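Heads up, the thing below is written out as structure tokens.
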Amino acid sequence: MNWALLFFLFSIADRAVIESVFVRQAEIGRRLAGVNYRAEFKYIETDILKGTIKRLGCIRRVIMTGYDEQTEVFLSATVDGREVDGEKMRQVCQELKRKGLIARKSRMPFLVATRDEYEYEVYGVAEIQGESCRVIKFFPKRADNLHLRGKGYVSLKGYDVVRLEFVPARLPFVVREARMVLDYKPVQGFWLPSRFAMWMGLRVKVFKEFWHQRLEIEDVYDDYQLYLNRDGA
């Protein structure tokens with residue numbers, strides 16, 4: 001068996017898979033002018049040693065006309081399961097923003113605009129949400145807190161991204177563990193985000209004591225309204 005030839009053929013096939021992902025993303029960009037959707041955000045902060053738990057949440061409407069162009073309207077907010085309004089609602093929404101509710105600056109890997117910022121490697125196969133997928137690892141060419149590293153699951157039917165599993169390429173020193181997952185679902189012919197989840201463990205030394213904290217975030221997206229380009233191919 002000519003192993004060099006076999007490796008070459010596999011390499012060509014892998015590059016074709018990666019290229020197909022970005023062809024699909026370019027098609028989505030041509031056809032989809034913007035989206036409007038409902039998002040329900042939950043934030044849970046646990047002090048592991050003290051056993052205290054802080055829960056915040058909000059529901060908002062998100063209007064996107066581009067990757068870096070979005071506005072948000074907050075509809076409600078909760079503290080430990082109780083709905084708040086007025087000034088308290090505003091304070092909760094501001095606190096959630098500071099805690100990373102809106103992470104517009106992250107340079108996501110499977111976008112045409114960020115393609116040259118990452119290296120991609122086809123890793124294997126898997127089944128996610130009933131879809132046969134190729135697993136593609138991604139690594140940023142520049143490891144900073146704006147880029148990510150992890151793997152994506154791409155449907156073999158249409159080369160849509162079905163799931164991303166990742167962490168920031170450079171984590172703060174206080175973070176001892178982290179995991180982030182972004183799931184997608186089909187909406188009117190497009191696979192769009194349906195749920196983002198994050199788990200993170202922190203460990204900080206304050207004077208002679210260590211402060212241990214676990215953060216959990218869940219953001220669920222539904223009630224999509226799509227705006228299509230009339231001249232999109």
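For a quick check of your reading of the filter: which trypsin sites (Lys or Arg not before Pro) in the range 38-132 sit in a DSSP loop and have no more than 15 other Cβ atoms within 10 Å? All intermediate terms of the calculation are to be shown ahead of the outcome.
On the way: sites: R38, K42, K50, K54, R55, R60, R61, R82, K88, R90, K97, R98, K99, R104, K105, R107, R115; in loops: K50, K99, R104, K105.
Taking the range 38-132 and a limit of 15 other Cβ atoms within 10 Å, the loop trypsin sites (Lys or Arg not before Pro) found are K50, K99, R104, K105.
May I ask you to evaluate 6.51 cos²θ - 1.76 cosθ + 1.60, the Karplus curve with θ = phi - 60°, for each residue of the range 190-203 and list the ³J(HN,Hα) values in order in whole Hz, giving x for glycine and proline?
These are the phi-based 3J(HN,Hα) values: 10, 8, 10, x, 10, 7, 10, 9, 9, 10, 8, x, 10, 9 Hz.
Amide H of L32: which non-local residues (sequence gap of 5 or more, or other chain) have their own amide H closer than 5 Å, using H built in the peptide plane?
Those lying under 5 Å, H to H, from L32 are N229.
Calculate, for R230 and R82, the FRET efficiency according to 1/(1 + (r/R0)^6) with r their C-beta to C-beta distance and R0 41 Å; round to the nearest 0.05.
Details: r = 46 Å, r/R0 = 1.12.
For R0 = 41 Å, the calculated efficiency reads 0.35.
Enumerate the aspartates and glutamates that K137 could reach by cross-link, defined here as Cα to Cα under 18 Å, with residues fewer than 8 away along the same chain left out.
Cross-link targets: D14, E19, D116, E117, E119, E121, E127, D160, E165, D183.
Taking the alpha-carbon distance from K88 and a cut-off under 17 Å, which aspartates and glutamates remain once sequence neighbours fewer than 8 residues away in the same chain are dropped?
Result set, ordered by chain and number: D80.
What whole-number value in Å² describes the accessible area per residue of the chain for a 1.4 Å probe?
Values: 13750 Å² over 233 residues.
On a per-residue basis, the chain sits at 59 Å².
Using a basic spin-label model with each label point 7 Å from the Cα along Cα→Cβ, how many nm lie between L75 and I48?
3.6 nm
Treating cross-link reach as a plain straight distance, find the lysines whose alpha-carbon is under 17 Å from the alpha-carbon of K50, omitting any fewer than eight places away in the same chain.
Those lysines meeting the cut-off are K205, K208.
Set the Förster radius R0 to 35 Å, insert the Cβ-Cβ distance between E95 and A143 as r into 1/(1 + (r/R0)^6), and round the FRET efficiency to 0.05. Please list the in-between numbers first.
Numbers: r = 29 Å, r/R0 = 0.84.
E(calc), rounded to 0.05, equals 0.75.
Using a 1.4 angstrom probe on heavy atoms only, work out the carbon and sulfur share of the accessible area of the chain in %.
Whole-percent figure for carbon plus sulfur exposure: 54.
Could you please report the charge total around Q91, scoring K, R as +1 and D, E as -1 over all other residues with beta-carbon less than 13 angstrom from its beta-carbon? Could you put the intermediate results ahead of the total?
Values: positive: K88, R90, K97, R98, K99; negative: D85, E87, E95.
Once all neighbours under 13 Å are counted, the net charge is +2.
Would you kindly state how much longer the chain becomes between A126 and R195 on full extension, computed as 0.36 nm times their sequence separation minus their alpha carbon distance, in nm to one decimal? Present the calculation step by step, with values, prior to reporting the outcome.
On the way: separation 69, 0.36 × 69 = 24.84 nm, distance 1.94 nm.
The span from A126 to R195 would gain 22.9 nm if fully extended.
Calculate, in whole percent, how much of the Cα-Cα pair population of the chain lies beyond 22 Å. It would help to have the intermediate numbers written out before the result.
On the way: 16264 of 27028 pairs.
It works out to 60 percent of all Cα pairs.
Give me, ordered by chain and number, the residues 5 or more places off R149 or on other chains with an amide H under 5 Å from its own placed amide H.
V167, A169
Which entries in K105/K141; K157/K185; K151/K185; K99/K151 show an alpha-carbon gap greater than 23 Å?
Working: K105/K141 17 Å; K157/K185 14 Å; K151/K185 17 Å; K99/K151 25 Å.
Long pairs (Cα-Cα over 23 Å): K99/K151.
Taking the Cα centre of the range 118-233 as origin and charging only Cβ (+1 Lys, Arg; -1 Asp, Glu), how large is the dipole, in debye to the nearest 20? Numbers along the way, then the final one.
Values: 18 positive and 16 negative charges, 126 e Å.
About 600 debye.
Working from the pairwise distances between different alpha carbons, so that the mean of 1/r is found and then inverted, what is the range 46-173's Kirkwood radius in Å? Walk me through the numbers on the way to the answer.
Details: mean 1/r = 0.0573 Å⁻¹.
For the range 46-173, inverting the mean 1/r across all distinct Cα pairs yields 17.5 Å.
Of N145, I48, F196, which is farthest on the positive side of the dipole of the chain, counting Cα position, with +1 on Lys and Arg Cβ, -1 on Asp and Glu Cβ, and the Cα centre as origin?
Sorting the options by dipole projection puts first I48.
Treating the beta-carbon of each Lys and Arg as +1 and of each Asp and Glu as -1, no other charges, what is the dipole magnitude of the chain about its Cα centre, to the nearest 20 debye? Don't skip to the answer; put the middle values down first.
Working: 39 positive and 32 negative charges, 123 e Å.
Using only the charged Cβ atoms, the result is roughly 580 debye.
The values are calculated or read from the model by the stated rules, or taken from the named source; none is laboratory data. All values derive from a computational prediction rather than experimental measurement. Note that each Cβ is placed from the backbone with ideal geometry, even for glycine, and that neighbours are counted across all protein chains shown. These accessible areas exclude ligands, DNA and RNA; they are computed on the full protein's heavy atoms, side chains included. Shrake-Rupley method; radii C 1.70, N 1.55, O 1.52, S 1.80 Å.
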